[in-house]
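All of the numbers you see were taken from the coordinates with simple rules; none came from a lab. Not measured: the values here are computed from a predicted model. Here the Cβ positions follow ideal geometry from the backbone for every residue, glycine too, while neighbour counts run over all protein chains shown.
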Amino acid sequence: MLGCGTGRVSRLLHSDRDVTGVDRSAAMLDRARARTRPGDRLRWVEGDIRTFDLGLFGEIIIPNGTFCFLHAREDQLACLRACARALPPGAPVFLDLPAPDLALLATPHTAERVAWEGEVDGRHGRRTREVWRRAMAGRIDLLDRYSLDGEPVATSLLPIQLCFPREAEWLCEAAGFWVDAVYGDYAGGPLRDGCTRIIVRACRC
């Protein structure tokens, strides 16, 4: 699992297989380890998804749009080539990508608005989001602002490099894969206009 974060997806998969989670954030991995129970078939590794080298695996999953956090094409290719080195012929890599909303992509800016409100340790928490869409660059910038009891506590900027199905196919082929299937949701539904995910399954040549 590349870009495993705190291990939410990895924990869903480890009941019938050994799962290795890779992430560059030591803090995220600390939370993943804290939630790991004795006997869990989970391993957590701090590393770069562009250069990891941990032996061979039966499959690799890149979940939750992690691939889109790589903004340069050479970084995306480096990640896929590292996957190719870690898989035997015929083994799959899965890319979970956000599907671009073409109607929204034509809107350059969405003003700040509330994205979440709730209670945090007895205090009122709020997250707002402001969005910039760079259509020609194929990028979306998400600016999140966090507050507790009305006082600002953190700001986070997350640039997301969009990846269309054809582009994902070209990148996979350049890295030594052939695309076996492309889905439009987690249930294996067809890719269609209006879907929110692009799920690519590519097999090692």
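Here the dipole of the chain is about 220 debye; that uses its Cα centre as origin and unit charges on the Cβ of Lys and Arg (positive) and Asp and Glu (negative). Principal semi-axes of the equivalent ellipsoid, √(5λ) from the alpha carbon gyration tensor of the stretch 131-205, are 33, 15, 12 Å from largest down.
Determine the dipole magnitude for the stretch 102-161: charges of +1 sit on the beta-carbon of Lys and Arg, -1 on that of Asp and Glu, nothing else is charged, the reference point is the Cα centre, and the result goes in debye to the nearest 20.
Numbers: 9 positive and 9 negative charges, 77 e Å.
The dipole magnitude comes to about 360 debye.
Maximal additional length on extending the Leu157-Leu77 stretch stands at 26.4 nm, based on 0.36 nm per residue less the C-alpha distance.
How high is the FRET efficiency from Ala111 to Phe164, r the C-beta distance, R0 25 Å, rounded to 0.05? So, using R0 = 25 Å, E works out to roughly 0.40.
With the alpha-carbon atoms as the only input, what is the per residue convex hull volume for the stretch 1-64 in Å³?
Details: hull volume 5.2 nm³, N = 64.
Cα convex hull per residue, to the nearest whole number: 81 Å³.
The listed peptides 3-16, 127-140, ordered by packing as a protection proxy, come out as 3-16, 127-140 (highest mean of other Cβ atoms within 10 Å first). Taken over the C-alpha atoms, the stretch 102-161 has Rg and Dmax values of 13.6, 44 angstrom. From least to most packed, judged by other beta carbons within 10 angstrom and beginning with the fewest, Thr66, Thr196 follow the order Thr196, Thr66.
For the chain, take the alpha-carbon Rg, divide it by the Kirkwood Rh, and send me Rg/Rh.
On the way: Rg = 18.3 Å, Rh = 18.5 Å.
Looking at the chain, the ratio lands at 0.99.
In this structure the amide hydrogen of Leu162, modeled in the peptide plane, comes within under 5 Å of the amide hydrogens of Arg139, Ile140, none closer than 5 places in sequence on its chain.
Highest mean first, how do 72-83, 32-43, 110-121 rank when packing is the count of other Cβ atoms within 10 Å averaged over residues? Each step should come with its number before you reach the end.
Values: 72-83: 18.5, 32-43: 13.1, 110-121: 10.1.
Going from most to least packed, we get 72-83, 32-43, 110-121.
Could you list the residues of the stretch 15-36 with an amide nitrogen less than 13 Å from a label point located 7 Å from the Cα of Val45 in the Cα-to-C-beta direction? Once the point is set 7 Å along Cα→Cβ of Val45, 19-24 turn out to lie under 13 Å by backbone N, inside the stretch 15-36.
Projecting label points 7 angstrom from Cα along Cα→Cβ for Trp178 and Arg17 puts them 2.1 nm apart.
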